[in-house]
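Chemist: Structure provided below as C-alpha cells; questions to follow.
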Amino acid sequence: MKLKQLVVTAATALALVGAAYGGTVVPVSEEIETPNSIAEWTTGSLSVGYDSTYIFRGKSFGEDAAWSAIDISAPLLDSITLNASAFYVNATDSDFDFDKLILKAGLSAPIGSFDLGVDYIANLFPGNSADTNDEIAVTLSSGVGVLDLGVAGVYNFDSEQYYFEGQVGTGFVLTDTISAEVDVEVAFNEDEYSHTVARLSLPVRLSDTVTFTPYGAGIFRDEDVWADESADEFIAGAHLSVSF
C-alpha cells in the first residue's frame, strides 16, 4: 500500500506540474492526433554493449560484462511523458555467476528549465540467489550553457536506505560523425561519500539512427566505505544503439 500511495502521489504531482507549466491538461484525444500504430506513438532505442567490469553504484560485480537494453517513451498527457526500460547484464567472469535484470517505469515532466522524473525500479537476479528488491527514484536535470546537470535520489524499500548522486557533463563536436562527451558523477550512500566516476565517451554516428559509443572511465572510491574494493579502478567498454 505504501508503494501504491507513492506512485499515485508522484503521478498526481506530475499532472499538477504539467498543468502549471504546460497549460491546462486536456485529454490525449484532444491534444494528440490518434496514431495509426504504436510505432508512431512511441520513441526509444535498442542497445547492446560490453563493459570490462560491471560496476553498479560503486561496487564491482564481475568482469567481461555483456548487456542489452531497451528504452521507450510515449506522451501521456499534455506535458507528461511515460517512460519504460529494461536492462539485462551478465558478468561472464564473476565469483557468483552474476546477472541482473533492471525493469523501470516512470513519468517525466518539464518544470520551467528543469526536467523532473519519478521512476519505479525493480532489480531482479534471474541466474543467481540474490534477493529481488524494489526502489523509487526521483531525478532532476537541466542544461546550463554547455553543461548538462543532474541530481538523483533513490530509496530502496528492502534495505530502507537512500542513495544520492550528482552529475555534470559536457560535449564537443570533433568531426561530422564523431563527438566527445565528458561527465563526472559524485555519489553518496545515505549521508556518507561513496565514490566519484569520471568518464570520456566518443559517440560515432554511423547513420541517422545508429550510434557506436566506446568509452573509458575511472572510478575513485572512498577507502573507508569500500574496504574490499580497489580505491582507484579503470574500466572501458562500448555499446551500439539504434533509435526509433
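Chemist: Would you kindly calculate the translational diffusion coefficient of region 53-106, applying Stokes-Einstein with the Kirkwood radius from alpha carbon pairs, for 37 °C and a viscosity of 0.692 mPa s, and quote it in µm² s⁻¹ without decimals? Working shown, then result.
Modeler: Details: Rh = 12.7 Å.
Value of D from the Cα-based Kirkwood radius: 259 µm²/s.
Chemist: Sticking with this one: Projected area of region 162-236, taken from the Cα convex hull and averaged over every viewing direction, in nm²? Walk me through the intermediate numbers first.
Modeler: Details: hull surface 24.3 nm².
For the Cα atoms of region 162-236, the hull's average projected area reads 6.1 nm².
Chemist: Nearest 0.05, what FRET efficiency do D176 and V144 give at R0 = 30 Å with Cβ-Cβ as r?
Modeler: That pair, D176 with V144, gives E of 0.65.
Chemist: Report the far tail of the P(r) of region 54-173, meaning the percent of Cα-Cα pairs longer than 22 Å. Write out the running numbers ahead of the final one.
Modeler: Values: 3290 of 7140 pairs.
Result for the distance tail: 46 percent.
Chemist: Take E63 and L206, extend 7 Å from each Cα along the Cα→Cβ direction, and tell me the distance between the two endpoints in nm.
Modeler: If labels sit at E63 and L206, their model points lie 2.7 nm apart.
Chemist: Which far-off residues, 5 or more places away or on another chain, put their amide H under 5 Å from the one on L76, with H placed in the peptide plane?
Modeler: Sorted by chain and number, the residues that satisfy this are T81, L82.
Chemist: Sticking with this structure for a sec: Gain in length, V225 to F114, computed as 0.36 nm per residue apart minus the alpha-carbon separation, to one decimal in nm?
Modeler: Contour length minus the Cα-Cα distance gives 36.7 nm.
Chemist: What do you get for GluC sites (Glu not before Pro) in region 90-177 restricted to DSSP loop and a cutoff of at most 14 other Cβ within 10 Å of the site's Cβ? Show your work: numbers first, answer last.
Modeler: Values: sites: E135, E160, E165; in loops: E160.
In loop regions of region 90-177 (DSSP not H, G, I, E or B), the sparsely surrounded GluC sites (Glu not before Pro) are E160.
Chemist: Along the Cα→Cβ direction, 7 angstrom out, place labels at F96 and E190. What is the inter-label distance in nm?
Modeler: Once both label points are built, they end up 2.1 nm from each other.
Chemist: Using alpha carbons only, how many angstrom separate the centre of region 203-244 from the centre of region 99-166?
Modeler: Taking the Cα centre of region 99-166 as reference, the centre of region 203-244 is 18 Å away.
Chemist: Based on alpha-carbon positions alone, could you give the equivalent ellipsoid semi-axes of region 123-195 from the gyration tensor, as √(5λ), descending, whole Å?
Modeler: 31, 17, 11
Chemist: Could you list the residues of region 98-122 with an amide nitrogen less than 17 Å from a label point located 7 Å from the Cα of D158 in the Cα-to-C-beta direction?
Modeler: Within reach of a label on D158: 98-105, 120-122.
Chemist: Provide the gained length on full extension for the span N133 to T42, in nm with one decimal, where the gain is 0.36 nm per separating residue minus the Cα-Cα distance.
Modeler: 29.9 nm
Laboratory data are not the source of any read-out in this text; all were calculated from the coordinates shown. Here the structure is a predicted model, which is why all the values come from computation and not from measurement. Neighbour counts are summed over all protein chains in view; Cβ atoms, including those assigned to glycine, are modelled from backbone coordinates with ideal geometry.
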